[in-house]
Amino acid sequence: MTTSVDHQVPPSSSAPAAASPDLGTLQARSISAWFGEHKVLDRVSLTMNAGEVTALIGPSGCGKSTFLRILNRMHELIPSASLAGEVLLDGEDLYASARRITDARRQVGMVFQKPNPFPAMSIYDNTLAGLKLTGVRASRATRDDLVEECLTKAGLWKEVRDRLRAPGGALSGGQQQRLCIARSLAIRPRVLLMDEPCSALDPTSTRRIEETIAELVAEVTIVIVTHNMQQAARVSHQCAFFLAEHGTPGAIVEHGPTEAMFERPQDPRTSDYVHGRFG
Ligand SMILES: Nc1ncnc2c1ncn2[C@@H]1O[C@H](COP(=O)(O)OP(=O)(O)OP(=O)(O)O)[C@@H](O)[C@H]1O
Ligand SMILES: [Mg+2]
């Protein structure tokens with residue numbers, strides 16, 4: 001039996017005390033998704049609370065990335081793609097016809113699996129690259145402050161402050177990923193989606209990104225896809241287990257506070273997955 005119940009679990013005890021009022025609570029309601037005739041998600045409902053990290057886990061192909069792309073309106077860029085259901089950001093429909101798609105993406109940022117800074121562009125300009133795309137103008141002093149602020153939040157400032165004019169491509173993989181996080185933060189998103197942000201990184205860089213996530217969650221709601229169960233356990237407050245069984249579309253088998261998902265899973269399939277018995 002696959003269930004997709006709305007998420008009514010209160011924040012876990014390890015969650016940050018009080019969420020800032022600017023934070024975004026993201027609610028997916030009965031999301032289904034298709035590529036052409038192929039249905040890949042079936043009525044997925046999940047609330048991703050402000051001030052918390054929500055981890056999406058599950059075997060390859062169960063629809064985690066598709067779900068993430070629906071949360072910031074990237075799914076609709078794929079020609080054959082369609083969807084049903086609702087995404088609400090603080091109660092407001094992200095897909096409302098009056099809302100511009102760029103506005104949705106500004107509020108819900110995304111960091112991808114493979115670090116993708118502009119390689120020839122300077123670290124400084126990379127950090128601000130998102131501002132140009134959203135048409136925001138700022139004075140030189142404001143830009144300098146923003147670069148320092150975002151690189152600091154992304155945990156990269158100390159490593160690059162003496163070479164801000166060096167190209168982004170000259171950084172290590174882990175540094176490039178933190179640069180991409182800084183670039184996402186510069187447009188002040190309320191939610192940050194991360195699709196396996198550490199899968200191309202070494203353990204030290206992975207740790208550094210995890211520390212960055214822990215610091216950022218006070219300011220931005222985070223949803224992270226990971227195949228690394230230890231990582232899900234370390235960084236997330238809430239966890240949702242996706243599964244696409246026997247060719248059926250992906251659905252959430254179980255979700256709740258991370259500790260409960262790992263220590264006392266309700267569904268045997270969750271238990272098998274989090275203990276590495278399949279997937
Ligand atoms: N652009 C696309 N066109 C057609 N089908 C797609 C496309 N992207 C994904 N799919 C299909 O949608 C399903 C879900 O894919 P998705 O990438 O969301 O899974 P995932 O859980 O992120 O997997 P992984 O853990 O490997 O990243 C798969 O069956 C996949 O083949
Ligand atoms: Mg994926």
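Read-outs: derived from the displayed coordinates by stated rules, not from any lab. None of the values given here were measured: they were computed from a predicted structure. Cβ: placed from backbone, ideal geometry, glycine included. Neighbour counts: every protein chain shown.
Give the residue, chosen from R137, R143, that is part of a helix (DSSP H, G or I) and either free of Cβ contacts under 8 Å to residues at least 24 places away in the same chain or hydrophobic (A, V, I, L, M, F, W, C) (or both).
R143
Within the stretch 161-173, is even one residue buried (at least 20 other Cβ atoms within 10 Å of the Cβ) and closer than 29 Å to T226 by Cα?
Looking for residues that are buried (at least 20 other Cβ atoms within 10 Å of the Cβ) and closer than 29 Å to T226 by Cα, one finds at least one in the stretch 161-173, hence yes.
Name the single residue that is surrounded by the most Cβ atoms within 10 Å (Cβ to Cβ) among those in the stretch 204-230 being within 16 Å of ligand 1 (Cβ to nearest atom) and among the aliphatic types (A, V, I, L, M).
Keep residues of the stretch 204-230 that are within 16 Å of ligand 1 (Cβ to nearest atom), which gives 223-229.
Subset that is among the aliphatic types (A, V, I, L, M): 223-225, 229.
Details: V223: 28, I224: 25, V225: 22, M229: 17.
Looking at residues that are within 16 Å of ligand 1 (Cβ to nearest atom) and among the aliphatic types (A, V, I, L, M), I get V223.
Any residue in the stretch 191-203 that is buried (at least 20 other Cβ atoms within 10 Å of the Cβ), farther than 22 Å from L151 by Cβ and of a type in the set (S, T, Y)?
Checked against the condition, which is being buried (at least 20 other Cβ atoms within 10 Å of the Cβ), farther than 22 Å from L151 by Cβ and of a type in the set (S, T, Y), the stretch 191-203 yields no hits at all.
For L151, are the conditions met, namely being buried (at least 19 other Cβ atoms within 10 Å of the Cβ) and either on the phi > 0 side of the Ramachandran plot or in contact (Cβ under 8 Å) with a residue 24 or more places away in the chain (or both)?
Criteria met by L151.
Go through the stretch 192-225 and give me each residue that's within 10 Å of the chain's Cα centre (by Cα) and within 16 Å of ligand 2 (Cβ to nearest atom).
Once the filter is applied, which keeps residues that are within 10 Å of the chain's Cα centre (by Cα) and within 16 Å of ligand 2 (Cβ to nearest atom), the stretch 192-225 yields L193, M194, D195, E196, P197, V223, I224, V225.
Output the number of the condition that V108 fails; it satisfies all remaining conditions of (1) of a type in the set (V, I, T); (2) touching a Lys or Arg at 6+ places or on another chain (Cβ under 8 Å); (3) near ligand 1 (Cβ under 10 Å from one of its atoms).
Failed condition: (3).
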